[in-house]
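These notes concern the structure reproduced below.
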Amino acid sequence: VSLAFCSKETEAEGICNIKAAIFSPDDKNEVAYNELRYGIMANLDVDKITDSDTLSDYDIVYLESGAGDIDKSAVKEYVKNGGTVVLDNSFVNEFDLKFLGAEEVVKIESMPFDMSYDYTGENLTKISELLYDYTTAMRAYVEFTNYWEYDYGYGIIPDTAKVIGGKDGIGIYTKNSYGKGDVFITNPMLPSDYTVTQFSEGEGGEPMAFTTNAAEN
């Protein structure tokens, strides 16, 4: 919720509702959608969409891994007009550098758990704190050494983007203002495909369910 502006405010009741969407292929496992739909945020309405024509209906849209057939120009127009988009790390090479706020896209060679958090303006402090708490908890996890073997995708050398979490001059989690909207880049560390986020093991993940589930919500 810290990533998006309010779509509707009722001054008398003090209610702020945010309309969010997961852009995902039809046959995609609905873990991300279900975690948000049944999460703890009472003021968050979530839909799963497969059509870029509906983007303007939402305050914030998460492009899930595997949704590579989305109309990239429609996404850019959506953000330019004031929307907020969260990019799964698999999309970092799918958009131009100006949209990302990057000078260069670079491969991340190791798990970036020991990030620095230099930019904490606007509503981003809570995101920095969440990332710090999550990575700190991971260090005490009995299977922590397994996580060095995984692929942590790409980061950026920032140009106009603000670095929420970074390492060695590389933006791991970033926010870029584009037009009237914002573009957020994530990392496979979180949202995580490498830990189980439900109540039982599955999909090859490691059982750290409660920590990961809380953080991803």
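Name the shape class, rounded, prolate or oblate, that the alpha-carbon gyration tensor gives for the stretch 102-162, where a ≥ b ≥ c are the square roots of its eigenvalues, rounded holds for a/c under 1.5, and otherwise prolate holds if a/b is larger than b/c and oblate otherwise. Walk me through the intermediate numbers first.
Details: a/c = 3.66, a/b = 1.25, b/c = 2.93.
Oblate, because a/c is 1.5 or more while a/b does not exceed b/c.
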Hey, got the dipole for the stretch 44-167? About the Cα centre, +1 on K and R Cβ, -1 on D and E Cβ, debye to the nearest 20?
360
Tell me, how many Å apart are the Cα centres for the stretch 135-171 and for the stretch 50-81?
25
For residue 160 and residue 56, FRET efficiency with R0 = 25 Å and r from the beta-carbon atoms, rounded to 0.05?
0.55
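Would you mind checking the pairs 107/180; 107/167; 126/162; 76/180; 48/175; 48/162 and listing those with alpha carbons more than 18 angstrom apart? Before the final figure, lay out each step's value.
Numbers: 107/180 29 Å; 107/167 12 Å; 126/162 15 Å; 76/180 11 Å; 48/175 23 Å; 48/162 28 Å.
Distance filter (> 18 Å) returns 107/180; 48/175; 48/162.
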Under the rule a/c < 1.5 gives rounded, and otherwise a/b versus b/c splits prolate from oblate, where does the stretch 86-202 land using the Cα gyration tensor?
prolate
Just the accessible area for residue 107, please: 1.4 Å probe, Å², rounded to the nearest 10?
80
How much of residue 110 can a 1.4 Å solvent probe reach, expressed as accessible area in Å² and rounded to 10?
50
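The values are calculated or read from the model by the stated rules, or taken from the named source; none is laboratory data. Keep in mind that what you see is a predicted model, and the values were worked out from it rather than measured. All Cβ positions, even for glycine, are placed from backbone atoms using ideal geometry, and neighbour counts span all protein chains on display. Accessible surface areas use protein heavy atoms only, side chains included; no ligands, DNA or RNA. Shrake-Rupley method; radii C 1.70, N 1.55, O 1.52, S 1.80 Å.
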